[in-house]
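Below: one structure, written as structure tokens.
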């Protein structure tokens, strides 16, 4: 048997009895996939790791806290044997052989009747890799092949076109804070499959260069007629291209719903009867401070953080922000789109009780090669912005967390 390669097959275990013997690290790694497959899992083990115990407590598996005994594999469809007792493993394996139960052994693959492949998933596709040479199994190489295929499918570098008709529609994709590596794998895959990409100025621009030549890229920052009409033009472009049967990606900076007008676009698409998928993105409100060495929360320093838009000054009648209340909070305040209004914001916070020496950090072009951090206080921040020539886009962090990590400046 060992001279021949394994025959690959996909087991359908929904509602079927699977017995796992041993509750250690091997079981901890394999149980989630068995649970996801819908198997009726019985764990036989006197002990289990905390994660495995949590699965039992949640009712995802049945746990009998004892050692293996003859008969445990009766009526099983599949067995995973992973104890530290060689004699128990051999006995359970022999029982599986008698009952013709496919059996995986963690301690002796040659004595098993089944092997667990290195598996990965990408949008409806399961990739399973087995070594064909029974004598030269190399689990690390197998895992590396799996990882390469899955990563390629996820980020679009391994193109596997759909040959069935695709459903036209729009995906609102949060591109993250700017570093192209910080877009989600789902966002990158949808971008690779797009026919049309409508991109924001603050989206990960480097990814546009990777698109195939046939993909139409529309620069949303250059759509004319002012801010309000620009949004209306973006909505119309999304609807028009989707109605032409194209796969459209609206590539936005950060997260579509964090000051990104994502809901406005979703509403316009819904009114037009256009299917829309929303792919969350990493918000600059958290990622940019993190990239600059600033935690937005820290034990004993800040138990909350608040994110506000600073594009409207505190004394502007259009402002929806309760600045007096923000001044009283002890946590971290993150201000987006507030570089040109930071002087008035600082004045307002100080006027309502925020200490003038509260640390402030301005992180310009966060997560990109041009990232720059400038430190100040509420009292000095307006002058610092002027003298240091801080320009948008920049994330402003106000609070004691600014002083925790190592400080850097321009």
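The values are calculated or read from the model by the stated rules, or taken from the named source; none is laboratory data. As the structure is a prediction and not an experimental result, all values here were calculated from the model. Virtual Cβ from ideal backbone geometry, glycine too; neighbours counted across all protein chains shown.
On the given criteria, is residue 348 over 13 Å from residue 402 (Cα atoms) and touching a residue at least 60 places away in the same chain (Cβ under 8 Å)? When the stated conditions are applied, residue 348 does not pass them. Of all residue pairs spaced 6 or more apart or on separate chains, those with beta-carbon atoms under 8 Å, a first member in the stretch 193-211 that is without any contact (Cβ under 8 Å) to a residue 40 or more places away in the chain and assigned by TED's automatic domain parsing to the domain that holds residue 258 and a second member that is crowded, with 22+ Cβ neighbours inside 10 Å and in a loop (DSSP other than H, G, I, E, B) are 211/194.
The criterion of at least 1 residues that are in the same structural domain as residue 21 (by TED's automatic domain parsing) and under 21 Å from residue 114 (Cβ atoms) is met by the following strands (runs of 3 or more DSSP E) wholly inside the stretch 32-89: 40-44, 78-81. Among the residues that make up the stretch 162-174, is at least one of them farther than 27 Å from residue 240 by Cα and at pLDDT 75 or above? For the stretch 162-174, residues farther than 27 Å from residue 240 by Cα and at pLDDT 75 or above: absent. Scanning the stretch 113-125 for residues that are farther than 21 Å from residue 81 by Cα and in contact with a strand residue (DSSP E or B) (Cβ under 6 Å, 6 or more places away or on another chain) turns up just one, 120.
Could you look through the stretch 42-68, keep only residues that are crowded, with 20+ Cβ neighbours inside 10 Å and within 19 Å of residue 88 (Cα to Cα), and pick out the one that is nearest to the chain's Cα centre (by Cα)?
Filtering the stretch 42-68 down to residues crowded, with 20+ Cβ neighbours inside 10 Å leaves 43-45, 48, 52, 55, 61, 68.
Still in the list and also within 19 Å of residue 88 (Cα to Cα): 43-45, 48, 68.
Working: 43: 31, 44: 34, 45: 34, 48: 29, 68: 39 Å.
So, considering only residues that are crowded, with 20+ Cβ neighbours inside 10 Å and within 19 Å of residue 88 (Cα to Cα), the one nearest to the chain's Cα centre (by Cα) is 48.
Out of the residues in the stretch 90-129 meeting the condition of being at pLDDT below 90 and in a helix (DSSP H, G or I), tell me which one is farthest from residue 150 (Cα to Cα). Step by step, filter the stretch 90-129, then rank; the result is 111. Among the conditions (1) in a helix (DSSP H, G or I); (2) more than 23 Å from the chain's Cα centre (by Cα), residue 273 misses just one, which is (1).
Can residue 10 be described as modelled with pLDDT of 95 or more and assigned to a loop (DSSP other than H, G, I, E, B)?
no
Residue count for the stretch 361-390 under the criterion of being in a loop (DSSP other than H, G, I, E, B), under 29 Å from the mean Cα position of the chain (by Cα) and in contact (Cβ under 8 Å) with a residue 40 or more places away in the chain: the result is 5. Of all the listed residues (202, 208), the sole one being in a helix (DSSP H, G or I), modelled with pLDDT under 90 and surrounded by 13 or more Cβ atoms within 10 Å (Cβ to Cβ) is 208. Answer yes or no as to whether residue 347 is surrounded by 14 or more Cβ atoms within 10 Å (Cβ to Cβ), assigned by TED's automatic domain parsing to the domain that holds residue 396 and at pLDDT below 95. Here the answer is no, as residue 347 does not meet what is asked. Exactly one residue out of 15, 23 is part of a loop (DSSP other than H, G, I, E, B) and crowded, with 16+ Cβ neighbours inside 10 Å, and it is 23.
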